[in-house]
Amino acid sequence: MTGQPAVSTPTSAPSGRIERVSTRPWSRHRTISSAIRAARDGGVVSVVAGVYRESLTVDKSVTLVAENDGGAVELVAPHGPALAVRSGSATIRGFVLSGSGAVVVAATGRIALESTTVTGGAVQVSGDASATLRDCAILRTGAAPGLIVADQATLEGTSVEVTETGGAAVEAAGSAQVTLVDSRMGSVGGGALVAENATLTLTRCEIGPSGGVGVEVSGGGQARLTDCQLHDLAAEGIRISGSATFGPDWWPPLRPEHAGTPGAGETGETGGVLVRRCTISRAASAGVLLAGYGHLHLDESTVDAARGPGVLAGGDSRLSMAGSRINQAGQTALAVRERAEVRLTDGAFADSAANGLYAADDGRILMHGCEMRRSEYSAVHLTGTASAALVECTIADTPEFGVRASDRALLRVEGGTITGAGLGGVQIDGGADAELRGLTVSDSRAGVRVDTPHRPLLTDCEVRDVEQTGIEVAPHAALLARNCRIASCGAAGVLVDAYATPTLEECEITDIGGSGLVLWEGAAPMIRSLTVRECRKNGVYVGDGAHGTLTDCDISRTDYPAVHVGVDADPALLRCHVHDAGADVDQTDQGRATFEECWSTDVAEATLPTEPVAARAVPAGAGPRRAAAVPRAGATSKVPELADLLGQLDDLVGMARVKRDVGTMVKLVQTVKRRREAGLAPPPMSRHLVFAGNPGTGKTTVARLYGQLLAALGMLERGHLIEVDRGTLVGEYVGHTAPKTQAAFRKALGGVLFIDEAYALVPTGGGTDFGQEAISTLVKLMEDHRDEVVVIVAGYPDEMRQFVAANPGLSSRFSRTLTFEDYSSVELVQIVEKQASRHQYHVAENGRAALLSYFDGVLRGEGFGNGRFARKVFQMMTERHAARIAEMDAPSTAELSTLEADDLHVDDLEVAG
């Protein structure tokens, strides 16, 4: 389109004669301006090939036509625009227009350019003017854009080429409307810029290469791109900092944590940015950047090979994607930050250099029927207070986790599969919570790991064909699993780590390379209707000092004894059946298991009866695997001795001030007990406490020990810990909060009710909400059950002072505060070493020095994770250690268990708790 097209000389004119222009001396008109002045309104001016150095002003309806005589008609402006339309209608056909700045200007009237080339400057349309371009080229504009459309002007172009511009190919502002079809914008300073309330419509257009963004929309602009290609861009492919809104049905409220949350509705005919069947490739930054209040819908479009994120949504933006793909992103395929909300249907992310989906801050995401494959980091990572729902999604082939939810994120998964996860299918840690329904995790290193104080829910899930553990519940964590199947695991089927308190109901564990269910020290799970079979080791392994209840369980076909009970372990088994095994029970002399109505059949070496017998203890010394005599059936687990508990407290890293305060309270409780026994009035004391400290400083651990200490002193019946937060206590509608609070309180009777982040019950700014109802209910229950429960409220120091001061009933009942200081660098190193010892590792001297230096350099702002961060560091060191050892042909036992300074590469580790 840069050459001079052939244009026939017109044979007739709409109104009278044709005015002819030539540079020859005998011509009637030797300038085009002269011919325009002579032409009647609606007339035609025919121009012979040549160079005409003049500037034209059109104030009537006229058609300028270049004659087809083998040459070009060049109109070169000596200064100002080559062509200015002030009124009327001007049609320019077959010309080459040259100038600088704005070459063609129309502020009113109508201009049509056909088979025309514009060089040296822009086509500028403003006011209420309209322009039509067909088979035109705008090139070599200098610093100017190609097309400038402003105010209420309109521009329609077909087969337009804009190239070699210093500015953008198209600039639209005001309430202008620009429509381009089958057009190309290449080698330009930028693509199309849409500002204020302008509208851009591109159909079958190409943008690129571009020295800037492909398409930029801001203010209240709107754009429609259909079947377009945007490629080789020096900035984002599409950048939206604001836009008009789509129709009211497009975006119903998005609450990913609620089942049945609807997808996006119809966008409507106007508003927002609609991209349909387009390809965005090789953007030097994000393929799509969405911010502010921008609205974007990507329909059957593809984002390829962006150097930054494939799509980045932030601010208060809204994004819907249907049938769209993000491939080979240089960073995360889809990143969602701040308060952005995203809905995706039938999408696919592949080969991203970071995560498939990364959501932080308060981002919200709903994904339905999407695929994420071959991401370099975890396929899905949620952090901050982000929330996401994954419905019938497929995740495959990631070296890290299939899905990880950390910090305070919320995750809901319905159906779908996770395969080929290098670290594990699902990881829930920090303060995150999750609900997984109908998910299948397979062919991964591990299945599901829960390391959160909340109680994530797993329902109808399947974990199979994993190298290590099927489901792991980390120390002090909790979980509720219902009707789940765990099969073909290389290690344990379900591992309940120290002091964890999960609940498993109607689950099945089968074909396990290790033991089916493993309980470590202090673990206290509630297990009901569990089936365990075909384990290479024990069906149920109850480690030293573990607790728990197993009811209506079926255990069979184990290579080791079906049930192993370690030293000081006191599980209670009710109506459990062991069959088709070499031995039923292997209990150490110091084991204290309780068996009620349990029996075994088809067992070679049995200690249980062959039919259910109520209240029958397994006799000591029955068979070659000795079983100690057990307490009476149904007896409560024995409370640990006071000295043992004080020893556990003293063994905790750091906390000198807390240990001193707890020791003082123990002595006070002992004095109260002795004075009562002597018939004397007890001294005043409040057992309810405030634990003030940052995350990871040991508040939950000390709360658990405090309850056990009071039980050992006879001040509480059981001393167990029930951990809750605002979400557990506060309902969503009137009349819902009090029953929820009462239910949590009843569970804690006889023990400790631990309310984490209790300050969240007090509304910000002193307003009212259901949190106040929860506080009032708690105060009354504490009064009604003053001797049956201890309540501990925990959180950040400043917030806890405000919380206690917010209600007179609270300040009178929480008169003692224990302050948990942040750990020093030396103490953080000690925590790592304790973790290492627990997992049969050893930290070398150079590793200790490296850890100390690393912890000294870590920024410790608000939210620093303290002990949790130290445990993350240990986990990362073991992963680095595993990668290093994998390169050795025959590592020694010492090398397999020693963590070196080289294993400490955690620069990208989150320090938050």
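The values are calculated or read from the model by the stated rules, or taken from the named source; none is laboratory data. The structure presented is a predicted model; accordingly, all values stated were derived computationally and were not measured. Positions of Cβ are backbone-derived with ideal geometry, glycine not excepted, and every protein chain shown enters the neighbour counts. What goes into the accessible areas is simple: the full protein's heavy atoms, side chains included, and nothing from ligands, DNA or RNA. Shrake-Rupley method; radii C 1.70, N 1.55, O 1.52, S 1.80 Å.
Figures for the structure shown
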| read-out | value |
| --- | --- |
| Segment 17-211 - Kirkwood radius from inverse mean 1/r over Cα pairs (Å) | 16.4 |
| Built amide H within the under 5 Å cut-off of Glu472, gap 5+ | Val448, Arg449, Val450, Leu495 |
| ³J(HN,Hα) computed for each position of segment 664-680 - Karplus, 6.51 cos²θ - 1.76 cosθ + 1.60, integer Hz, glycine/proline x | 5, 5, 4, 5, 5, 5, 4, 5, 4, 4, 5, 5, 4, 4, 8, x, 9 |
| Longest to shortest principal axis, alpha-carbon extents of segment 825-903, angstrom | 45, 21, 19 |
| For q = 0.18, 0.22 Å⁻¹, Debye-computed log10 I/I(0) when each Cα of segment 499-566 counts as one equal scatterer | -0.58, -0.87 |
| Per DSSP, loop GluC sites (Glu not before Pro) in segment 805-913 with at most 10 further Cβ within 10 Å | Glu862, Glu887 |
| Shape metrics for segment 741-830, restricted to C-alpha atoms - Rg then Dmax, Å | 14.7, 45 |
| Extended-chain gain in nm, criterion 0.36 nm per residue less alpha-carbon gap, Arg307 and Asp362 | 17.3 nm |
| Two-decimal Rg/Rh across segment 331-371, once Rg and the Kirkwood Rh are taken from alpha-carbon atoms | 0.96 |
| Label selected from [x] 60, 43, 25; [y] 75, 29, 23; [z] 55, 31, 27, the criterion being semi-axes √(5λ) of the Cα gyration tensor in Å as computed here | [y] |
| Packing-based order for 206-215, 450-459, using average beta carbon neighbours within 10 Å, highest first | 206-215, 450-459 |
| Computed [θ] at 222 nm, helices only, for the chain once each DSSP H run of length n ≥ 4 contributes -39500 (n - 2.57) | -5000 deg cm²/dmol |
| Whole-angstrom gap from segment 168-192 to segment 379-405, using each part's C-alpha centre | 38 |
| Karplus 3J(HN,Hα) series, Hz, for segment 525-536 with 6.51 cos²θ - 1.76 cosθ + 1.60 (x for Gly, Pro) | x, 10, 10, 9, 6, 9, 10, 10, 8, 6, 10, 6 |
| For Gly212, residues with placed amide H under 5 Å, excluding near neighbours | Gly190, Gly191, Ala234, Ala235 |
| Whole-angstrom Cα spans of segment 468-610 along principal axes, big to small | 36, 31, 22 |
| Principal axis box of segment 78-132, alpha-carbon based, largest edge first, Å | 25, 21, 14 |
| Dipole magnitude (debye, nearest 20) for the chain, charges at Cβ of Lys, Arg, Asp, Glu | 2120 |
| Listed residue pairs exceeding 31 Å between alpha carbons, taken from Lys667/Lys747; Lys537/Lys699; Lys673/Lys740; Lys659/Lys740 | Lys537/Lys699; Lys673/Lys740; Lys659/Lys740 |
| Vicinal HN-Hα couplings computed from phi for segment 150-161 (Karplus, 6.51 cos²θ - 1.76 cosθ + 1.60; Hz; Gly/Pro x) | 9, 6, 9, 5, 10, 9, 10, x, 10, 6, 9, 10 |
| Förster-model FRET efficiency, 35 Å R0, Asp41 and Asp182, C-beta, rounded to 0.05 | 0.60 |
| Inter-probe distance in nm under a simple model that places probes 7 Å from Cα toward Cβ, at Ser837 and Thr819 | 2.9 |
| With at most 13 other Cβ atoms within 10 Å, longest stretch of the chain clear of loop chymotrypsin sites (Phe, Trp or Tyr not before Pro) (DSSP) | 27-732 |
| The chain: angle of helix 699-712 to the longest principal axis, Cα-based, in degrees nearest 10 | 20 |
| Accessible area of segment 17-211 belonging to carbon and sulfur atoms, whole % at 1.4 Å probe | 45 |
| Furthest towards positive pole of dipole, Ile471, Ser34, Gly242, structure part the chain, Cβ charges | Ser34 |
| Rg over Rh [alpha-carbon atoms, Kirkwood Rh] for segment 528-619 | 0.92 |
| Distance in nm between pseudo-label sites at Val51 and Leu852 (7 Å out along the Cβ direction from Cα) | 8.2 |
| Proximal aspartates and glutamates relative to Lys60, as straight alpha-carbon distance under 13 Å, when same-chain residues fewer than 8 apart are discounted | Asp41 |
